[in-house]
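Reading through the structure tokens given below for one structure.
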Amino acid sequence: MDTNKIEALIKEMTLEEKASLCSGQDHWHSKTIERLGIPAIRMSDGPHGLRKQAQGGDHLGLNKSLPATCFPTATTLACSWDTELIKTIGNALGIECQAEHIDILLGPGANLKRSPLCGRNFEYFSEDPYLSSRLASKYIHGLKEQGVGASLKHFAANNQENFRFLADSIVDERTLRELYLNSFEFVVKEAQPATVMCAYNRLNGTYCSENSYLLTDVLRTDWGFEGFVISDWGAVNKRSMGLEAGLELEMPPGNFEGDKSIIKAVKEGKLNEEVLDLAVKRFLTVVFDLNEAHKENMRVDIEKQHEIAMKALCESIVLLKNEDDILPLDKSNAIAVIGGFAKQPRFQGGGSSYVMPYQLDSPLDEIQKIVGDFGKVTYSQGYNLDSTEGRYSDHPFSSASDELNETLIDQAVATAEKADIAVIFAGLPESYETEGYDRLHLDIPLGHKELIKAVSQVQKNTIVVLNNGAPVIMPWLNSVKGLIEAYLGGQSTGSAIANILFGLSNPCGKLAETFPLRIEDTPCSIDFLTEETEVKYNENLFIGYRYYDAKKIETLFPFGFGLSYTNYAYSNLHLDKDRLNENDLLTVSVDISNIGDRAGKEIVQLYIQQASPKQTRPIKELKAFTKISLEANACKTVTFSLDKRAFAYYDVTAKDWLIESGEYIIHIAKSSQDIILSSSVYIEGSKKTSPLLHRNSSFAELVSNEKAYKLFEPYIEGIKEKFMIDFESERGKSFLKGQPIRTLISYSTVPISEDKLLALIEEVNR
Ligand code: BGC
């Protein structure tokens, strides 16, 4: 509907009607106003499947939902590094939404993984904002193709479950802009989601639901967001403050207290009615758009959806170790399949994203199908399971079966001993990873650990397949020959894992997060999970590989790492310029060859390093990537185009992205720790406008400002004389940086009064 018609509608509304549109009707619907033909919209979780609840709405995955395709979770899909694949998933989800009359799917989550302990990491893509934002954006495009809106969540700096509603994330602006907001920025600008969901937590002292810096200055003014902002379920603190800050829709509505407080505030003159009108306009624009996009009689082809989910998982599984080329498996071997997850797979995380899948493939069944009559497959459970594991119950919470079960281990050892190869399914039980709380450590359960130890002692050909939503530590890694990170793979987990194990699919995923060696090595291990609600992001720009790079800390598996059943060679790195201005594009090309004997897909990563930054910068940052498909012995040239933003940092004084002049190194890498080719380019950077001068500006600021230097020259000479200082010397440089110009009054041998100083400063700033 066009803007004029919406504005005309708003003019016809009473104050009460307008306020009523600022919250939902119930847990999942917005309100209707029948006399004006305003329809309701229906929302549903998200992100990796449709959680449509027929009745008894809740935001924790407690009550039953209708069956839907359970796709791999975001943490898993991110390892595909395949933006088109993510779009396909968005599209497939859109089909299910249309079939169930859902207008908005609550996802994707673009929060970064600050600590591997965060209980919701399985719902998020990566520790890197470039990768996370490129994937989230395509997911939204996929939904849009089906006329379904997204809710990009949880905006912003929502990186833990501890103190879920109370945490106050204290983050400096540069870190916010370069990391936590950066993961949302491209998505908002490029994909324009129908809605953005504000987070539960506070940011720098103010609840995200009433944070005008976030919801208006950044989202609307800087990024040009056109949709409406929705609260996370129950995130509203003070409703009318939220409305003023830019929160259009409160969910769920509770007793409509929020609406009442808006009416009261307008009547008492505390809230300008124009603020309400604008909120209603933004809301209705999306409501009518989505309403027009309804598709009648959409049918879901369950088999096709399952196939899409399966292929997506094959593209995402990461091969982490393959000693002696133990993988792929040979069908004719006697294979011992060990571990309860093989029969009752761990395939999704708990909480609001919990999906009731149409079907669930078990790895054991799928392995048996592939082996058929060729070989022999035996099975042993090996450890206790959570009561709900693999049964997609309508109540996902149960206590973890963490205890050691010696009998099950002994049986597994006996089974493994008799086989040629043992494949152990282990990882994290459902109760370890869910919305609402964080993990306390990075270990897998004792029962799983002891099982791996015991089996690998009797069976030298042991392979571990992990199902988990976030990194775990692996003190047992040296005792096994093969390791597959299958993450949380959705309903087709069994078939995809079996395909990878037997080489029907060549593994081509790479990690979208770092696996640390110890929890103590992780960037915020000291202040994550404290008993304080104030959460200081002391590590600033240094999360994920940015931290391990800077501290030279060895990792278990680095960001971007993943093996294949074939090998790739990189050559002929070429930059189309060796010098450029900040607004020029740089084109980078490189040849990638498949030098093995089977077809595969390679993820090529481009990192940028500033050679000698004047300010703190990560050693290198991911700025482009691509995934290409290569037949055996084939070679392709891949090309990347880099713009200003790829080289820029966020300057908090200029409130803009700027480039420092200097040399920048382009690294082409197989992973963040495996740089294959590098070449450098000189960039003529941004001309900074000089910041305003004040009494406490440093001498460095004074002398670098041409106009100021001229006006202050005699007094500067006076201070040089007083301190017998040479500005070019190390002592001089330190003086320039550390001394405020007001000290001219006390020390310059050419006298200057306070009034004179202020007058000169004013003239400089004029
Ligand atoms: C979660 C959101 C979810 C909402 C609705 C909240 O608890 O944080 O991600 O979309 O519930 O279920």
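Numbers for the structure displayed
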read-out	value
Search result, residues across segment 733-749 that are over 14 Å from Ser697 (Cβ atoms) and loosely packed, with under 15 Cβ neighbours inside 10 Å	Lys733, Ser734, Ser746, Tyr747, Thr749
Search result, residues across segment 491-541 that are surrounded by fewer than 24 Cβ atoms within 10 Å (Cβ to Cβ) and among the acidic types (Asp, Glu)	Glu520, Asp521, Asp527, Glu531, Glu532, Glu534, Glu539
Hey, Gly246 within 25 Å of the chain's Cα centre (by Cα) and modelled with pLDDT under 95 or not	no
Among (1) crowded, with 21+ Cβ neighbours inside 10 Å; (2) within 16 Å of the ligand (Cβ to nearest atom), the one test that Gly254 misses	(1)
Among residues of segment 263-320, those that are acidic (Asp, Glu), in a helix (DSSP H, G or I) and under 30 Å from Asp82 (Cβ atoms), counted	4
Strands (runs of 3 or more DSSP E) wholly inside segment 617-686 containing at least 1 residues that are open to solvent by 20 Å² or more (accessible area, probe 1.4 Å)	621-630, 635-642, 656-658, 662-671, 674-684
Residue in segment 56-75 that is out of contact with any His (no Cβ under 9 Å at 6 or more places or on another chain), within 15 Å of Ala309 (Cβ to Cβ) and modelled with pLDDT under 95 present	yes
Residues of segment 91-126 classified as more than 12 Å from the ligand (Cβ to nearest atom) and within 15 Å of Cys70 (Cβ to Cβ), total	7
Selection within segment 280-300 - touching a helix residue (DSSP H, G or I) at 6+ places or on another chain (Cβ under 8 Å) and of a type outside the set (A, V, I, L, M)	Lys281, Thr285, Phe288, His294, Lys295, Arg299
Any pair with Cβ under 8 angstrom, 6 or more apart, that starts in segment 68-84 at a residue that is within 12 Å of Ala486 (Cβ to Cβ) and ends at one that is crowded, with 24+ Cβ neighbours inside 10 Å and modelled with pLDDT under 95	Thr73/Gly349; Thr73/Ser353
Enumeration of residues in segment 127-156 that are over 19 Å from Leu622 (Cβ atoms) and more than 14 Å from the ligand (Cβ to nearest atom)	Ile140, His141, Gly142, Leu143, Lys144, Glu145, Gln146, Gly147, Val148
Lone unmet requirement of (1) at positive phi; (2) open to solvent by less than 10 Å² (accessible area, probe 1.4 Å); (3) more than 16 Å from the ligand (Cβ to nearest atom) for Gly46	(3)
Count of residues meeting criterion [surrounded by fewer than 16 Cβ atoms within 10 Å (Cβ to Cβ), of a type outside the set (S, T, N, Q) and part of a loop (DSSP other than H, G, I, E, B)] in segment 552-576	3
Residue within segment 522-536 that is closer than 30 Å to Asp168 by Cβ, aliphatic (A, V, I, L, M), in a strand (DSSP E or B) and within 20 Å of the chain's Cα centre (by Cα) present	yes
Strands (runs of 3 or more DSSP E) completely within segment 166-247 that count 2 or more residues being touching a strand residue (DSSP E or B) at 6+ places or on another chain (Cβ under 6 Å) and either within 16 Å of the ligand (Cβ to nearest atom) or of a type in the set (Ser, Thr, Tyr) (or both)	195-198, 228-231
Pairs where the first residue, in segment 182-198, is more than 13 Å from Gly46 (Cβ to Cβ) and the second is within 13 Å of the ligand (Cβ to nearest atom) and part of a helix (DSSP H, G or I), C-beta under 7 Å, 6+ apart	Cys198/Cys208; Cys198/Ser209
Residue count, segment 687-715 (criterion: surrounded by 20 or more Cβ atoms within 10 Å (Cβ to Cβ) and within 20 Å of Glu728 (Cβ to Cβ))	5
Answer residue from segment 577-616, given it is part of a loop (DSSP other than H, G, I, E, B) and touching a residue at least 60 places away in the same chain (Cβ under 8 Å) and is nearest to the chain's Cα centre (by Cα) among those	Thr616
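The values are calculated or read from the model by the stated rules, or taken from the named source; none is laboratory data. All values reported here derive from a predicted model rather than from experimental measurement. Backbone-built Cβ (ideal geometry, glycine too); neighbour counts: all protein chains shown. Quick note on the areas: whole protein, heavy atoms, side chains included, nothing else; ligands and nucleic acids left out. Shrake-Rupley method; radii C 1.70, N 1.55, O 1.52, S 1.80 Å.
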